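Quick notes on the structure that follows.
The values are calculated or read from the model by the stated rules, or taken from the named source; none is laboratory data. Bear in mind that the values here come from a model prediction, so they are computed numbers and not experimental data. Using ideal geometry, Cβ is built from the backbone for each residue, glycine included, and neighbour counts are taken over all protein chains shown. In case anyone asks, the SASA skips ligands and DNA or RNA and just uses the protein heavy atoms, side chains included. Shrake-Rupley method; radii C 1.70, N 1.55, O 1.52, S 1.80 Å.
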Amino acid sequence: MFTEELRNKIDSYIEENREAVISFLEELVNLEGRHGEKEHLLRTAAFLKRNFDEIGMETVLIEVGEANAPIVTGVFNKDAAEKEIVFTGHYDTVFAAGSAGERPFHIKDGKAYGPGVCDMKGGIAIAFFTVKALQEFGFRNAPVRLFFVGDEEVNHQGGTAIEKIRAYTKDILAAFNMENRYESGQLCIGRKGCYEFLLKVHGIASHPGHAYDEGRNAIEEMSHKVLALQAVTPKEKNRDYSVSVNTIKGGTVTNGIPAYCEATIDVRVKSFAALRTCEFLMREVCEKPYIEGTKTKLIRTDDMIPFETTEGVKAAYEAVKAVNDQIGGTVTGSIAVGGSSDAAYMAAGGTKVVCQCGVSGAYTHNEKEYAVVASLYEAIRLFICTVYQYQLFK
Ligand SMILES: [Zn+2]
């Protein structure tokens, strides 16, 4: 339970570690690393392992594919009777090596800057210093795990990290995904799924002068389909799914009726049910030929499943919010957002998970990215208290 004694311990812990949190984050940010730059990512993984080992965690690197950076995971209290509490996230960023040289980690007016400081190295610092505190305070009731992947920003393509995320967050007490919070303070309980499609239209090539009627114009056919596909998107703003045709190419020369046209389509859905409805309607559009003699094929080329607001997600959010309110924390409520995260795989597996538990900040995936320094300490306080009240997740 949250007692006066614990409150005092946390106060002094935060005072004592104020500088250490910043130097940990500084080193982590300046190590850089995005997918494809495995050398940088391996250095980051080694940095994390060294730090986890130093506070007495049992740490391993898990290989997930040749081109992909390994997962770094450490656990302590392994033999405690309760199920695990897991802090998850990623240590890859979207910024190319060299970014830290141009704009290394620095703090100005209470904000920390540097590549990936907000998305989501600040969250790693919070999770690490939460676990370090639990160790020092002698918390022994439940095993606590840190679990960070190195290929989240590319949705783990080409590797096996998704399987590992599912396996390590199955049958646990709760997971906290340490993606960044918005400055408005909400925790995230839902994210849209993102699916990509390729639409191919085959027509018949012909001469537009002397054989106009023999041609079957693939671009014309595609034009009908583009409008019909866009119209699949429900009109209301709070829609369950959307369809957006975002690239198109077709034809080869101005004086020839085109035999081929293709387009790529971005589909966002709030739930698996919404995906089924949306894909059904899209296929209906694609199966209907507007011009006799043309052929159309719709292929799903990529997917990132939705983070559904399951009962488990609601329960996990309620628990963290209750602790937050007890200690007068800065969490203001819950939010569902557009972009995706690994919390989706955990929720789909029935795990009690909340997302955006990390540092507050803005402009992620952008050079103006920053993290609010004070929010690092607030979140460390919140999650120490939350782990102490692990009973709320049962
Ligand atoms: Zn992220």
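Annotations for the structure displayed:
- Packing, taken as the mean count of other beta carbons within 10 Å per residue, orders the peptides 354-362, 61-69, 95-103 from highest to lowest as 354-362, 61-69, 95-103.
- Per-selection Rg to Rh, the chain - Cα, Kirkwood hydrodynamic radius: 1.07
- The Cβ shell under 12 Å around ASN366 holds other residues with a net charge of -1, Lys and Arg each +1, Asp and Glu each -1.
- Loop-located GluC sites (Glu not before Pro) in the stretch 209-280 whose Cβ has at most 10 other Cβ within 10 Å (DSSP): GLU236
- For the stretch 193-304, with +1 on Lys and Arg beta carbons and -1 on Asp and Glu, the positive-most of PHE280, SER223, GLY203 along the dipole: PHE280
- For the peptides 329-341, 243-255, 189-201, the ranking by mean Cβ contacts within 10 Å, running from highest to lowest, is 189-201, 329-341, 243-255.
- Dipole magnitude of the stretch 206-253, debye to nearest 20 (Cβ charges: Lys/Arg +1, Asp/Glu -1, about Cα centre): 300 debye
- Helix 122-137 and the longest principal axis of the C-alpha atoms of the chain enclose an angle of approximately 30°.
- Under Karplus coefficients 6.51, -1.76 and 1.60, residue-wise ³J(HN,Hα) of the stretch 261-268 in Hz, glycine/proline x: 8, 9, 9, 10, 10, 9, 10, 10
- If you run the Gaussian network model on the chain, springs between alpha carbon atoms under 10 Å, then out of ILE265, ILE204, ILE162 the most flexible one is ILE204.
- Note, ³J(HN,Hα) from phi for the stretch 69-81, Karplus 6.51, -1.76, 1.60, rounded to Hz, x at Gly and Pro: 6, x, 7, 10, 9, x, 9, 9, 6, 3, 9, 4, 6
- Probing with 1.4 Å while keeping every protein chain in the model, the per residue accessible area of the chain equals 43 Å².
- Cα centroid of the stretch 196-237 to Cα centroid of the stretch 27-65, whole Å: 48 Å
- Highest to lowest packing among 366-377, 290-301, scored as the average C-beta count within 10 Å: 366-377, 290-301
- Over the residues of the chain, the helix contribution to mean residue ellipticity at 222 nm works out to -11500 deg cm²/dmol, using -39500 (n - 2.57) for each DSSP H run of at least 4.
- Here, P(r) means the percent of Cα pairs in each 10 Å bin from 0 to the largest distance; for the stretch 246-394 it is 9, 26, 25, 17, 12, 8, 3, 0.
- Rounded to the nearest 20, the Cβ-based charge dipole of the chain about its Cα centre (Lys and Arg +1, Asp and Glu -1) stands at 760 debye.
- Environment charge of PHE197, counting only residues whose C-beta is closer than 11 Å and scoring Lys/Arg +1, Asp/Glu -1: -2
- On a per residue basis, the convex hull of the C-alpha atoms belonging to the stretch 193-304 measures out at 89 Å³.
- Against the chain, whose longest principal axis comes from its Cα atoms, helix 272-287 is set at around 10 degrees.
- Amide H partners (placed H, <5 Å) of ALA174, local residues excluded: VAL86
- Amide H to amide H distances under 5 Å link ARG181 with GLY358, VAL359, SER360, GLY361, where only residues 5 or more positions off or on other chains count and H is placed in the peptide plane.
- Rounded to 10°, Cα long-axis angle of helix 218-230 versus longest principal axis of the chain: 40 degrees
- Note on GLU84: accessible area approximately 40 square angstrom, rounded to 10, probe 1.4 Å, nucleic acids and ligands left out.
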